[in-house]
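All remarks here apply to the structure that follows.
Nothing in this text is a laboratory measurement; each read-out follows from the coordinates by a stated rule. In this text the structure is predicted, and so the values were computed from the model without any measurement. Note: ideal-geometry Cβ built from the backbone for every residue, glycine included; neighbour counts use all protein chains shown.
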Amino acid sequence: MLNKEINKKLFINLKQYTNSKSLKELSVKLNINYNTLKGWARGEQTLPEYLLTNFPKDEAELYINSGILLNHNWGASKGAMITNQKIKEGNSDALQKRIAGIKRWHHEMKTKSPKEYSRLQRQKWYNLLKFFKTNKEIHAKSKQTLLKRYGADYYSKLGNKGAEHAELNRLELKVKKQNETLKGITFEVHKQINGCNIDFVYYKNNKIVALEEVVGLKKKKSAMYYDIARIKRKLSRIKLNVPLLISFEIQNQNWKTPKRMQLEIAKYLLDTGIVPIILNNTKFMDIKHELICNNKTDFIQIDNCLNTELKSNSIRSKANAQCESNKDFIESENIIRDILKEKVKLLGKKLLKTKYETYFVSDESSEDTVYFFSKKGFKELIGYGFMVKEMINKDLKVVGVLLEKDKHATQTDIELANRYVDKMYWCLDEFKEGPWRNGIASA
C-alpha cells in the first residue's frame, strides 16, 4: 500500500497519461467502477497491480518499491473473528438455512425473472427511503441533534442565509431603481436585523431611518394575506422605532386580483401602523420620499384616498362574493360536510363582511364557527384565518381543513396557524379521525 502523498501523485499522473480531467472520466476510460476507483484514490483500499500497467515500466517499479508493508489483519472487520466463532459454536443451523434460502431466492429471481426482480428491489429501496422520510421518530431525533449542535435558531439562520444571497425579483429591482432618487439616503438589500431578513434597510447619517418589505401580488386573496401575516410577524420581532413600509403594485382591471383587494390591504396596513406604498402610483412615491428623507408624511390624506376608492368598489365586492357562495361543493368538500352534519348544525356558506366594506365567503359555517377547506395548501387557510381575526371578529372561531397533505409547512407556518386558525386539520384523514368525533365539533 502507498502512503497518501505517493498515492495522490500516482492518480494525478494517471489522469495525465490517460488525458482524463476527473476520476469519473478516468473510470470510464479504464472501465473500472467509479466508487472502486475513488476508494483507491483515497487510500481506503489497496491498489491492484494491473493498474500500474498504464505507467512506463520505470515509474511503475518506483511505485512498487515505495509500497508500505501492511499488518497481517489490515482490512479485517472489528470483532468479526469473535462473531464468526460464536456462530460456529452456537446452534446456527436455522440461521444458515435462512441465509442460504435468501441467496437462492435472489439467484433464481435474477435468472428467471430479471425485470420482476429489478422492480421488487426498486420498490424495496423506495419503501425504505419513504420510511426514513416520513417516520416521525427519525425526524424528531435528527431535528433535536441539529438544534443541540447548532442552536435553537438553526433553521431560521439557514433560511436567512439563503435569503440574504438570493437574487432580486422584478419588483425589488424596480424599488432599487426608484431608491436612486433618494437624496442623502443609502440603503442595503436583503439585510439581516435581529435574525430577520429585510428587503430594504434605509440609512441616513449611518443610522437606520426606515425598513421596507416588497410583496408580489397573488391571484388568491387569502394567499396575499398569508404573506402579510408572515411579514407582520417578522416586523414585530424587530424592535426598532422607525417607519415600516410594505410595497406592492396595483394591477390593471384585467388582472385576476381585483383592485379593491389591493386597496383593502393598503387600508389594513395603514390602520396597523405600517405605511403602504403602491409602486405604480406617483403620489405614493412622493409619500415614500418625504417619509424616508424628512420623516414626514400625511397619513390622513392617504387614508381619505383609500376610503374613497374602497367605497366605489364595495358593491362589486359583494356581488362577486355572492356569486362565489352559489358555487357547488366538490366531492371531497361534501365528505367533510357529511361528517360535520353528525355533530354540528350547519348553516351553509357564509358571506363575511370586513370592516372595510369588502366581502369574502366561508366554505361552511355554524352558529359561532366558520370552516374553510383548501386543496391548494395551508397558506390559503392561514390567510382566511388572518382575515377573519384581523378584519371581522377575533372571537369568531376558524376551522381549516386541508384536502390534500402539504409537506412544506415550516415552524413559522405552524406558529401562524396556531395564532389565526383555532383548529387546523393538516389532511383529510386527520379530520376524519379528529378529536371532534368525541363531541368537539368546532375549535
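Details
- Here Lys9 is the anchor, and the lysines within straight C-alpha reach of less than 27 Å, apart from those fewer than 8 places off in the same chain, are Lys21, Lys24, Lys29, Lys38, Lys57.
- For segment 281-289, putting each phi into the Karplus relation 6.51 cos²θ - 1.76 cosθ + 1.60 with θ = phi - 60° gives couplings of 10, 5, 4, 6, 5, 5, 4, 5, 4 Hz, in residue order, rounded to whole numbers and with x for Gly and Pro.
- When peptides 369-377, 136-144, 272-280 are sorted by average Cβ neighbour count within 10 Å, with the highest value leading, the order is 369-377, 272-280, 136-144.
- Point-to-point label distance, Asp429-Asn35, nm (Cα→Cβ direction, 7 Å offset): 3.2 nm
- Cβ charges +1 (Lys, Arg) and -1 (Asp, Glu), total dipole of segment 167-311, debye: 420 debye
- Each label was represented as a point 7 Å from its Cα along the Cα-to-Cβ direction; for Val28 and Leu146 these points are 3.5 nm apart.
- Listed pairs Lys220/Lys267; Lys234/Lys423; Lys130/Lys432; Lys353/Lys397 exceeding 20 Å between Cα atoms: Lys234/Lys423; Lys130/Lys432
- Leading residue at positive end of dipole, segment 327-438 (Cβ point charges), from Ser365, Met391, Asn334: Met391
- If only the Cβ of Lys and Arg carry +1 and only the Cβ of Asp and Glu carry -1, the dipole of segment 327-438 around its Cα centre is close to 220 debye.
- Length gained when the stretch Asn241-Glu137 is fully extended (0.36 nm per residue, less Cα-Cα span): 33.1 nm
- Neighbour-count ranking [beta-carbon atoms within 10 angstrom, fewest first] of Cys293, Cys427, Cys323: Cys323, Cys427, Cys293
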